[in-house]
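The structure under discussion appears below in the form of structure tokens.
The values are calculated or read from the model by the stated rules, or taken from the named source; none is laboratory data. As the structure is a computational prediction, the values presented were derived from the model and not from experiment. All Cβ positions, even for glycine, are placed from backbone atoms using ideal geometry, and neighbour counts span all protein chains on display.
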Amino acid sequence: MKNKLKTRVLIIGGGATGTGIARDLTLRGVKCILVEKRDINAGASGANHGLLHSGARYVSNDPESAKECRDENRLLKQMAPDCIEETGGLFVAVEGDDEKFIADFQSYCDKADIPCCPMDVEEAREAEPALSDKTIAAFAVEDASVDPFKLVLENITDAQKLGCKFLRHSQVVKFNKQGNTIESVDLLNKTTGKEFSIEADIVVNATGAWAGQVAALAGADIDLIYSKGTLLITHSRVSQRVVNRLRPPGDADILVPGGTVSILGTTSLRMDSLDKIRPTVEEVDRIVDEGATMMPGLESTRYIRAYSGVRPLLGGGGKGDDRSVTRGFDLVDHAKDGIENFITITGGKLTTFRLMAEKTSDLVCSRIGVSAPCQTRTIPLISAHETRWAVPGFSPKNWFKNHDKNDLLLCECEMVPQSAIEEIVEYFDIFDQQVDLKGIGKRSRIGKGSCQGNFCSLRITAFLYDRDLLSADQGASEIHSFINERWKGQRCLLWGTPVVQAELQEAMHCGFFGLELQPNSSTSS
Amino acid sequence: MTNIKKNHTKLTIIGTGMAGMAAACFASHNRIDTIQIGINSGIIYSSGFFDLMGIHPIDTQLTWNNPWQAIDQLVADIPNHPYARMRKPEIEAAMKQFLDCMEAAECPYMFLKNQNTEVITPVGTVKQTYAVPRSMWAGAVALKERQSCLIVDFVGLKAFSAKQIADMLMPRWPKIRPLRLTFPAVGASADLYPEQMARALEIEANRIKLADAIRPHLADAKSLGLPAILGMYKPHQVRTHLEKLLGVDIFEIPTIPPSVPGVRLKEALEKFLSDRGVRLIPQKRALFAEQQKNRKFILSIGDIGSDKTEQMIETDGVILAGGRFLGMGLYAGRKKIQEPLFNLPVFQPEDRALWHQANFFDPKGHRISQAGLEIDDSFRPTDAAGKPVYNNLFAAGSILAHQDWMRQKCGAGLAIATAYGAVKAFRKTLIDR
């Protein structure tokens, strides 16, 4: 017998929007289940700058989005202060940049009512010494940085505490319709291979770039443009503030600091398909070269990870630069396509995720006759105990504070002790019984230090066996898929010291352990 | 500049990994006046196993029982593989001579003449190798005979789980059984390190305590596997004493690098070579090299991370055995791969985008692993025209192009054989003169 679950609202997609909707609905007292094909932040929510836009980036070509960003920026600084670092931001131009754009910038900002304050170039360079000596203009704006992993973990953890069920590794395979209504949704648990189904009054498709594919499964149509963006993480923090290139949006024109690192990007490449979204060497080189014109140190700094996301842009198969497509969002009631209880939310951006969740939840509630108002404007998102291991810097601080000799460090780079792994794994147990290194990686800093998983994968795997959380030959495939996940982000950045690390990793994992000879090893994840 | 010490020697070996160590052994065997120089020895990352040749072709992952047959096939298929620069009897002689050195260095190895041996790794996989440290041999036998076997690990020793090893091997080895113990001999800290444990077991009283802790759990076990912690300097004594106390065959399973077997190997070879008169300049690197009119090389020697010359070497010949990137024999920049000392041409993919596969474990291996120095039959790095760049400059080990030792499972064999070839070719230049 296929396992059957029942709920009022089924949300598909574990990114910022889906988890935001889950929190919004549970705060209104609405029962819901969130299903995710992979794990939290598997799409664009986990592959962006972590930039809380002031709106200034969009003043020239999308003033509506600019205003949305401005309002949400101010609100989120109040509602999710633990996820946000109020860095402030700069827009800077260097010699050779479009002088007309520079001259018009202030008036664009004024017209959209986005705060923007001209700055003396010398003053700007004093504040941010990494800026090029060819800087010719600077403006201060209200940009900030937001940790998208923490944000989404907090949202889903809060929702779970309020009764939302979160099912990872659960892929929608079929919508069962009766007339104009979806009666139930069939899903596949990708780790156990078992199918199950969920009955819901209403289904929300919050799958970002995958919204078209999921809608198509239900027999509805969503027209999206896939715009791939690649970003690089530096080994150490380059600037105090967000630094934007003062020109019409282009490659590698934003550098966002976050904790001890900075994130440089992005590119914009139109893609036909969502398969194999990976950074390329060519993109990485372009980002480094372009970034270095704004901040010359970016040429020689060490990068620790590259990653790519797909922006789901609202379609129509437009022409020209995808950056000119609106960053607004689209809330679609598929009643228009003849499906009464199906809603899609897509487009938008991280900065406006809460607003998207609010609008979606409003529509859901009006459909199922719930009158409770949105509370995410007034109830702040408080850091949950469970999410603290994901915060950069928490683990070392905690380690030095309550140094417990019996608590072995399993990840020595980021100082993650076995008690952290135990706690995270316990959290899995409550909700879906599935222990995986990648899942632990999403909820802690393991694999994010300079060894990039080479050593910690081995220590944690041995630990999980000892706790009876892995058995038979699962360890080999766990190490394999964790290493390959890290590899995705390293592959294009392998020059200098990282090549040395990669060589050691291959000497160990292939030369010594022969893990490439284990079953499953030839498939790329 | 006047204070800078100038050393004179016949041969300078750059590198202290397997290839550098093997070259120094062969040079000393031939009574060639030798200086060896290198930074952190790659040898401490060794598992202790000496692979000769295990897999070919790598993309089909065909595993060979007989390494010599595998070499025949490899040489036929890949005529520019470094193994193809030698005749098979020379490779055999190289292996024999080096394994004799290991015996003399009190780090004895066991092997079957024409056969690879299956051994256990710390993640519970089984690996084919050629020569096995004496301390690990009983494990190969136990695995082969599927003996009733107890594997022991210790609370606090990370990345070594007896349960993981037993679970992984259980399908082929039903009578393997895990046991976790508290290590009886190290103090308060919960974090145990293999070196510290190995040193503790050099003390007889600790071995007795350990044996007492294990004894009640042996049941019908014929053999006992432990992490590689059985002594630092006297592994033979430590193991045989424990065997006597417990009445079973005992073997070590290597831990993850850097491991005790790697350190033992390094220290045994360093002592052996020092006794044989090889002058080691440790923790230094060659900064610059220049050829004089008399064709001898002048090498400037200094610290890692500094360009300051601390001493000089005037040498008749040089063997480059600095490995690839970890050993700093090669440097991979954003645009290309370079050989930093002599600026030799490096065979490499034309574009960085081709260096690495999308899947880390891709059976084809990564193309960057085929990069390196191309050589002639005398192990001399060659230029674009295939001519040796210098007549008295040689190369050995993983710095050489057209091999993927990590995937072909030929790391030690390649290092030893090519070191033998390079020393032989250098020696010929001395005789010819």
Among the residues that make up region B:305-315, is at least one of them closer than 25 Å to B:Ile416 by Cα and surrounded by fewer than 21 Cβ atoms within 10 Å (Cβ to Cβ)? no
Can you pull out every residue in region A:267-305 that is assigned to a loop (DSSP other than H, G, I, E, B) and under 22 Å from the mean Cα position of the chain (by Cα)? A:Thr267, A:Ser268, A:Asp272, A:Ser273, A:Leu274, A:Asp275, A:Lys276, A:Ile277, A:Arg278, A:Pro279, A:Thr280
Just to be sure, is B:Ile298 among the β-branched types (Val, Ile, Thr), surrounded by fewer than 23 Cβ atoms within 10 Å (Cβ to Cβ) and modelled with pLDDT of 95 or more? yes
Checking B:Arg207 against (1) surrounded by 20 or more Cβ atoms within 10 Å (Cβ to Cβ); (2) touching a strand residue (DSSP E or B) at 6+ places or on another chain (Cβ under 9 Å); (3) not hydrophobic (A, V, I, L, M, F, W, C), which single condition isn't satisfied? (2)
Qualifying positions in region A:289-316 - hydrophobic (A, V, I, L, M, F, W, C), under 26 Å from B:Gly333 (Cβ atoms) and in contact with a strand residue (DSSP E or B) (Cβ under 7 Å, 6 or more places away or on another chain): A:Met294, A:Met295, A:Leu298, A:Ile304, A:Ala306
Per-region count, region B:346-361, residues within 9 Å of chain A (Cβ to nearest Cβ) and surrounded by 20 or more Cβ atoms within 10 Å (Cβ to Cβ): 6
Please go through (1) modelled with pLDDT of 95 or more; (2) away from chain A (no Cβ under 14 Å); (3) under 28 Å from B:Cys101 (Cβ atoms) for B:Asn343 and return the number of the only condition it doesn't satisfy. (3)
Could you check, for region B:424-432, whether at least one of its residues is modelled with pLDDT of 95 or more, within 25 Å of A:Glu503 (Cα to Cα) and either more than 14 Å from chain A (Cβ to nearest Cβ) or in contact with a Phe, Trp or Tyr (Cβ under 9 Å, 6 or more places away or on another chain) (or both)? no
Count of residues meeting criterion [over 11 Å from B:Val278 (Cβ atoms), crowded, with 24+ Cβ neighbours inside 10 Å and out of contact with any strand residue (DSSP E or B) (no Cβ under 9 Å at 6 or more places or on another chain)] in region B:16-42: 2
For region A:126-202, which fully contained strands (runs of 3 or more DSSP E) count at least 3 residues that are of a type outside the set (A, V, I, L, M, F, W, C)? A:170-178, A:181-189
Per-region count, region B:320-340, residues at the interface with chain A (Cβ under 7 Å from one of its Cβ atoms) and buried (at least 20 other Cβ atoms within 10 Å of the Cβ): 4
Mind listing whichever residues of region B:232-256 are under 26 Å from the mean Cα position of the chain (by Cα), in a loop (DSSP other than H, G, I, E, B) and crowded, with 19+ Cβ neighbours inside 10 Å? B:Met232, B:Pro254, B:Thr255, B:Ile256
Every pair of residues 6+ apart whose Cβ atoms lie under 6 Å, when the first sits in region A:350-372 and is under 30 Å from A:Asn48 (Cα atoms) and at pLDDT 95 or above while the second is surrounded by fewer than 20 Cβ atoms within 10 Å (Cβ to Cβ) and hydroxyl-bearing (Ser, Thr, Tyr): none
Based on this model, can you work out whether A:Gln213 counts as closer than 25 Å to A:Asn73 by Cα and either among the polar types (S, T, N, Q) or more than 18 Å from the chain's Cα centre (by Cα) (or both)? no
Here are some conditions: (1) surrounded by 21 or more Cβ atoms within 10 Å (Cβ to Cβ); (2) outside any helix (DSSP H, G or I); (3) without any contact (Cβ under 8 Å) to a residue 24 or more places away in the chain. B:Pro171 meets all but one. Which one does it not meet? (1)
Given the conditions (1) within 14 Å of chain B (Cβ to nearest Cβ); (2) under 19 Å from A:Gly18 (Cα atoms), report the number of the one that A:Gly447 does not fulfil. (2)
Only one of (1) under 21 Å from the mean Cα position of the chain (by Cα); (2) outside any helix (DSSP H, G or I) does not apply to A:Thr378, and that is (1)
Any chance region B:37-54 includes a residue that's more than 23 Å from B:Gly327 (Cβ to Cβ) and modelled with pLDDT of 95 or more? no
Somewhere in region B:188-196, is a residue in a helix (DSSP H, G or I), out of contact with any Leu (no Cβ under 6 Å at 6 or more places or on another chain) and away from chain A (no Cβ under 14 Å)? yes
What are the pairs, 6+ residues apart or on separate chains, where a residue within region B:364-375 that is farther than 12 Å from B:Asp59 by Cα has its Cβ under 7 Å from a residue that is acidic (Asp, Glu)? B:Ser369/B:Asp404; B:Gln370/B:Asp404; B:Leu373/B:Glu339
Any residue at all in region A:20-37 that's acidic (Asp, Glu), closer than 21 Å to A:Ala384 by Cβ and either buried (at least 23 other Cβ atoms within 10 Å of the Cβ) or not assigned by TED's automatic domain parsing to the domain that holds A:Ile198 (or both)? yes
Since A:Ile483 meets every condition but one in (1) at pLDDT 95 or above; (2) of a type in the set (A, V, I, L, M, F, W, C); (3) over 30 Å from A:Thr234 (Cβ atoms), which condition does it not meet? (3)
Do we find a residue being assigned to a loop (DSSP other than H, G, I, E, B), closer than 24 Å to A:Ser300 by Cα, in contact with a strand residue (DSSP E or B) (Cβ under 6 Å, 6 or more places away or on another chain) and at pLDDT below 95 anywhere in region B:320-334? no
All positions within region A:55-101 that are of a type in the set (Gly, Ala, Ser) and surrounded by fewer than 17 Cβ atoms within 10 Å (Cβ to Cβ): A:Gly88, A:Gly96
